Structure formats: C-alpha cells, structure tokens
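Worksheet: the structure to be examined is printed underneath.
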Amino acid sequence: MENTEKKKQIVFSAIQPSGTITLGNYLGALRNWVKMQDNPDYNCLYALADLHTITVRQEPAAMRRNIIDAYAMVMACGVDVDKAPFFIQSHNPNHSIMAWILNCYTQFGELSRMTQFKDKSQKHADNINAGLFTYPSLMAGDILLYQADKVPVGADQKQHIELTRDVAARFNSIYGNVFKIPEGFIPKDSSRVMSLQTPTNKMSKSDENANGCIMMTDTDDVIMKKFKRAVTDSEMKVRYAEGKDGINNLMAIYAAVTGLSYEEIERDFDGKGYGDFKTAVGEAVVAEVSPIRKRYEEYIKDKKYIEECYTRSAEFAIRISSRTVDKAMKKIGFILPKKDQ
Ligand code: AQP
C-alpha cells in the first residue's frame, strides 16, 4: 500500500506571546495556519515562541498572562491541537540545546547583518543583550528541530530564514544529511496590515498607540471607533494608489476579510465618502473578529483544557525534536546517555 503520509510536507511556524494578538497577526499569519492545518498535503506544528520574548525585558506577571492569553487566542482563531500540535517553546528543552549548538556554527558577521537586530537594538538601546544578537540561532533551531519543509512567515522574517538555510547547509556539509533545508514562504493571500494611525508602520502588538492597532480582544464598539478614527487623506476617493497609505491599508484589510478585489471595492464605493467606507471596513472586521473573541472568552475560562492542550502538544514536540538533537549531537561527537526503554 502506498504510504501517502510520507509525502506530506512538514510545516512549522511560531508566534511570540509579546502582547495581545492583533488583526495583523491574524490576517498575516494565524488565519493561514488554520488553512494549512486543514490541508491534507501538510503536517503542521505550531509554537508559542516564549523564549524569544525575553530578548526584551518582560514583567513576570504580564508575561504569564500574555502566554496563556495568546495560547487561548490562537486556539480561538481555529488552530486545533488534534490537527496541528501547538506547544509552548520553553516546554521543550531541545530548543535551547539546539540554539546553543547552532550558535557554534553561526558567524558573528552573519548575525551582525540581521536587520531585526539593528532595529531592535536601536529600539531597546539600554538592553542590547546577547540573546537579541543570537535570536536567529534560536529561530533556526525552532525550524530545523522538526525537519520542516515549509515555514510560513511574514516578509520581515525572510532574512532569518535565509540564515537558517545557510547554517543548516554548513552543518550538513560537515556532518552529512542532518537537517532538512527549509523553505520560507509568504502565503499569497496573507496581508501585511499597517497601523491605522501611522499607516507606513506595520500594525504591531507592541505599538504604543492603541488606536493604531486592532486587538483580537477588542469589543465590536472599540473596533468601529478605531476604524472611524483611522488616518486617511484629503482626496476623498476610495482608490488604491501610491501615497494613499491609509486608504490602501483599509482596502487591504477590507479585501482580506471580504475576499473582494481592489477593483470591486473601488466600484462599490464609487461616489461614496470615506465615512461610509470606514464603516463598511469596521463592520466587516467585526463580523470576522467577534466570533473569535467569543470563542477566546470561552477558552480563557477553561485553564485546565488549555493546560491539557499545551502539555499534550509539548510531549509530541519533544518526541519528534529529540531525534534531530540526538542525531546532531552524535555527529558532532557528543556521547549520549543510555535511554530508558
Ligand atoms: N502587521 C502585520 N501584518 C501581517 N503579518 C504580521 N505579523 C505580525 N504583524 C503583522 C506576522 O505574525 C506572525 C507572528 O509574529 P511574531 O509575534 O512572531 O512577531 P512580530 O512580527 O514581531 O509581531 P508583532 O505583532 O509586530 O510583535 P512585536 O510588537 O512584539 O514585535 C509572523 O509571521 C509575522 O510576520
């Protein structure tokens, strides 16, 4: 009998619990995680990248809350641990082991070129720690541990994926075929959502201007208000064009939630003002976000179920990734302890 299971590609992706999950995270990543978990061509594995968040100083109580909230929200968005294990990164010690190993095969010069390091060290000039610098090795380990074929990421992560591929190829050239060389891909229908207040900046969990950012926990009223206050321009015409960053962003969000093309949107709003358009975008987003928020409110009350989901997923992640760690360590020359049967 043909083993179709073998042909499935392994998909790995992660999100940081660095604050409340935004509409940007949902439209750019999470919505696609759900599509991929439901696609029979893929075996998906997802993680909450909590180890990555401590490259920036976290307040302990807020960090605990953020982890549980983000876990519940990802489930509310539709990630189902029975289809795609979803684990908390720090529950699998193999991530830290692999990060250390890969650190020793990554050059200082390579890490120095990472734009995220340059950006974040400017933003957190008082805390340019070694973890911020070696963040790409931890991320490379996240991916390589699971022999992932595909890594759905936003465009901002392309450089880190390239580094992952280079380090994996370097390791393989010394020790043989230890790591699958992963492919990063930016899904066609994933949108880059910009801030509603500063539409040249991406919508971010850590944005200080709350009005710029739609949180997935925002109530319907708050969502409507934020869209009504969104920055636009003085042309008063709904059309996609250079220099109309605010309207372009609203059109991208509207297209992402309704499935309409830009031409259809321009036609539908021909002769109408920005007020009507903002209301329509707000209502379409409310229709998408409201059921997710209601599911989130149910999940967050059920800490026992959340605990069961992340514990079960971590067991799976540890089992799969241990094979890669053992193989890499043996190849390097480490001696492994005898395992219990
Ligand atoms: N605005 C966005 N539009 C589209 N996609 C986005 N992503 C993030 N913001 C947008 C995608 O979400 C996934 C998870 O992101 P992450 O949490 O690992 O890190 P991030 O990109 O740094 O997200 P934030 O919200 O901007 O967090 P902070 O404020 O902590 O830095 C990724 O696939 C990302 O591309």
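Among the residues of region 51-74, those identified as open to solvent by 10 Å² or more (accessible area, probe 1.4 Å) and part of a helix (DSSP H, G or I) are 51, 60, 61, 62, 63, 64, 65, 66, 67, 68, 69. Please indicate, with yes or no, whether at least one residue in region 17-25 is away from the ligand (no atom under 14 Å from the Cβ) and either open to solvent by 10 Å² or more (accessible area, probe 1.4 Å) or of a type in the set (S, T, N, Q) (or both). There is no residue in region 17-25 that is away from the ligand (no atom under 14 Å from the Cβ) and either open to solvent by 10 Å² or more (accessible area, probe 1.4 Å) or of a type in the set (S, T, N, Q) (or both). If you go through region 253-273 and keep only what is within 22 Å of residue 291 (Cβ to Cβ) and buried (at least 18 other Cβ atoms within 10 Å of the Cβ), you end up with 253, 254, 255, 256, 257. Only one entry in 238, 193 is buried (at least 20 other Cβ atoms within 10 Å of the Cβ) and within 14 Å of the ligand (Cβ to nearest atom), namely 193.
Annotation note: of 115, 164, 198, the sole residue that is touching a residue at least 12 places away in the same chain (Cβ under 8 Å), outside the structural domain of residue 93 (by TED's automatic domain parsing) and not acidic (Asp, Glu) is 198. Scanning region 81-129 for residues that are touching an Asp or Glu at 6+ places or on another chain (Cβ under 6 Å) and either open to solvent by 40 Å² or more (accessible area, probe 1.4 Å) or part of a loop (DSSP other than H, G, I, E, B) (or both) yields a count of 1. For region 212-247, give me each residue that is on the phi > 0 side of the Ramachandran plot and touching a residue at least 12 places away in the same chain (Cβ under 8 Å). The answer is 236, and nothing else. When residue 139 is tested against the conditions (1) part of a helix (DSSP H, G or I); (2) open to solvent by less than 10 Å² (accessible area, probe 1.4 Å); (3) within 11 Å of the ligand (Cβ to nearest atom), the lone failure is (2).
The values are calculated or read from the model by the stated rules, or taken from the named source; none is laboratory data. Quantities reported herein were computed from a predicted structural model and do not represent experimental measurements. Note that each Cβ is placed from the backbone with ideal geometry, even for glycine, and that neighbours are counted across all protein chains shown. What goes into the accessible areas is simple: the full protein's heavy atoms, side chains included, and nothing from ligands, DNA or RNA. Shrake-Rupley method; radii C 1.70, N 1.55, O 1.52, S 1.80 Å.
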